[in-house]
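*Asks:* One structure, as structure tokens, below. Some questions next.
The values are calculated or read from the model by the stated rules, or taken from the named source; none is laboratory data. Please read all numbers here as calculations on a predicted model, not as lab measurements. A quick note on method: Cβ atoms are made from the backbone with ideal geometry, for glycine too, and the neighbour counts reach across all protein chains shown. Surface areas here come from the heavy atoms of the whole protein model, side chains and all, with no ligands, DNA or RNA. Shrake-Rupley method; radii C 1.70, N 1.55, O 1.52, S 1.80 Å.
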Amino acid sequence: MKDLLTPRFIVLSLLVIVAALTRALPYLIPHIWNFTAIGALAIFSGAQFSNRGLAFILPLLAMAISDIVIGNGFSLLVYFGFTAMVACGFLVRSRVNVTNVVLASFISASVFFLITNFAFFYPATLYQHNISGILTSYTAGLPFFRNMLIGNMVFSAVLFSSFYLLSKRYPVLAK
């Protein structure tokens, strides 16, 4: 409970909330599906929250709340993909630098894409459960992958650099 009252936790949580609001972008600006900060938020949470439980809970909670507000429904597969993205953030947690954040952004978007577009997770009426169906599903998902990858890169840069600059200005935010 003591961890929840620290300036670091409060600032990190505010960044999480602001990033979660980007889920509404496709409803405001046409043709940018999957260009949101949610993937970057998952990476950022994994890298920055010292409490691993909160690192998972906060981005998934932000996702759940935004799903309720924008009416997307719930997909366990999507939430599993974002859980994997938080785990990518854990990989860079002790060595946050530009190269590692870029790699985590690319790897997490790729893992999310591979998980959520695997044809066997869809009804056979949508994609055949064979190699052709898998390739068709992955091909159909490429525009969404591109947008998520760009979103991860852009919003990771914004989140990590914002927090870095805030930490330099306000040392109490550093770990």
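*Asks:* Would you please list the contacts, defined by Cβ atoms under 7 Å and residues six or more apart or on different chains, that run from a residue in the range 111-138 that is within 13 Å of Val78 (Cβ to Cβ) to a residue that is open to solvent by 90 Å² or more (accessible area, probe 1.4 Å)?
*Replies:* Ile115/Phe80
*Asks:* Could you please let me know if Ile38 is touching a Lys or Arg at 6+ places or on another chain (Cβ under 9 Å) and modelled with pLDDT under 85?
*Replies:* Working: touching a Lys or Arg at 6+ places or on another chain (Cβ under 9 Å): yes; modelled with pLDDT under 85: no.
Criteria not met by Ile38.
*Asks:* Going by what's in this entry, would Leu173 be described as at pLDDT below 95 and of a type outside the set (Asp, Glu)?
*Replies:* On the way: at pLDDT below 95: yes; of a type outside the set (Asp, Glu): yes.
Considered against the rule, which asks whether it is at pLDDT below 95 and of a type outside the set (Asp, Glu), Leu173 comes out as yes.
*Asks:* Something else about it: Quick check on the range 28-38. Is at least one of its residues under 26 Å from Ser167 (Cβ atoms) and among the polar types (S, T, N, Q)?
*Replies:* Step one: of the range 28-38, the residues under 26 Å from Ser167 (Cβ atoms) are 36-38.
Those left that are additionally among the polar types (S, T, N, Q): 36.
Within the range 28-38, one or more residues are under 26 Å from Ser167 (Cβ atoms) and among the polar types (S, T, N, Q).
*Asks:* Same structure again: Take Phe82 and decide whether it is within 15 Å of Met148 (Cβ to Cβ), open to solvent by 60 Å² or more (accessible area, probe 1.4 Å), in a helix (DSSP H, G or I) and touching a residue at least 24 places away in the same chain (Cβ under 8 Å). I'd like the intermediate steps shown before the answer.
*Replies:* Details: within 15 Å of Met148 (Cβ to Cβ): yes; open to solvent by 60 Å² or more (accessible area, probe 1.4 Å): no; in a helix (DSSP H, G or I): yes; touching a residue at least 24 places away in the same chain (Cβ under 8 Å): yes.
So Phe82 does not fit the description; no.
*Asks:* Another question, then. Of everything in the range 142-153 that's surrounded by fewer than 16 Cβ atoms within 10 Å (Cβ to Cβ) and of a type in the set (A, V, I, L, M, F, W, C), which residue is nearest to Ala47 (Cα to Cα)? I'd like the intermediate steps shown before the answer.
*Replies:* The first filter runs over the range 142-153 and keeps only residues surrounded by fewer than 16 Cβ atoms within 10 Å (Cβ to Cβ), leaving 142-143, 146, 150.
Adding the requirement that they be of a type in the set (A, V, I, L, M, F, W, C) leaves 142, 150.
Working: Leu142: 27, Ile150: 19 Å.
Result: Ile150.
*Asks:* Just wondering, is there one or more residues in the range 92-114 that are at pLDDT 90 or above, of a type in the set (Val, Ile, Thr), part of a loop (DSSP other than H, G, I, E, B) and buried (at least 16 other Cβ atoms within 10 Å of the Cβ)?
*Replies:* yes
*Asks:* Quick check, is Phe9 among the aromatic types (Phe, Trp, Tyr), part of a helix (DSSP H, G or I) and in contact with a Pro (Cβ under 9 Å, 6 or more places away or on another chain)? Before the answer, list the steps.
*Replies:* On the way: among the aromatic types (Phe, Trp, Tyr): yes; part of a helix (DSSP H, G or I): yes; in contact with a Pro (Cβ under 9 Å, 6 or more places away or on another chain): no.
Answer is no for this residue.
*Asks:* Can you tell me which residue within the range 115-132, out of those that are open to solvent by less than 90 Å² (accessible area, probe 1.4 Å) and of a type in the set (Ser, Thr, Tyr), is nearest to the chain's Cα centre (by Cα)?
*Replies:* The extreme case among them is Thr116.
*Asks:* Within the range 34-44, identify whether any single residue is over 10 Å from the mean Cα position of the chain (by Cα) and open to solvent by less than 10 Å² (accessible area, probe 1.4 Å), and answer yes or no.
*Replies:* no
*Asks:* Sticking with this one: Please specify each residue of the range 115-153 satisfying the condition of being among the polar types (S, T, N, Q), farther than 19 Å from Thr22 by Cα and part of a helix (DSSP H, G or I). Explain how you work it out, then say what you get.
*Replies:* Of all residues in the range 115-153, those among the polar types (S, T, N, Q) come to 116-117, 125, 128, 130, 132, 136-137, 139, 147, 152.
The next check asks that each one be farther than 19 Å from Thr22 by Cα; those that pass are 116-117, 125, 128, 130, 132, 136-137, 139.
Answer for the range 115-153, where residues must be among the polar types (S, T, N, Q), farther than 19 Å from Thr22 by Cα and part of a helix (DSSP H, G or I): Thr116, Ser132, Thr136, Ser137, Thr139.
*Asks:* Now, a different point. For the range 28-79, what are the residues that are over 30 Å from Asn97 (Cα atoms), outside any helix (DSSP H, G or I) and of a type in the set (A, V, I, L, M, F, W, C)?
*Replies:* Kept after step one, since they are over 30 Å from Asn97 (Cα atoms), are these residues of the range 28-79: 28-31, 65, 67-76.
Of the ones still in play, those that are also outside any helix (DSSP H, G or I) are 29-31, 71-75.
Matches in the range 28-79: Ile29, Phe74.
*Asks:* In addition: Give the residues of the range 165-175 that are assigned to a helix (DSSP H, G or I) and either of a type in the set (D, E, K, R) or touching a residue at least 60 places away in the same chain (Cβ under 8 Å) (or both), sorted by residue number.
*Replies:* Matches in the range 165-175: Leu166, Lys168, Arg169, Val172, Leu173.
*Asks:* Identify all residues within the range 155-166 that are open to solvent by 20 Å² or more (accessible area, probe 1.4 Å) and either under 12 Å from the mean Cα position of the chain (by Cα) or among the small types (Gly, Ala, Ser) (or both); write none if there are none.
*Replies:* Phe155, Ala157, Ser161, Ser162
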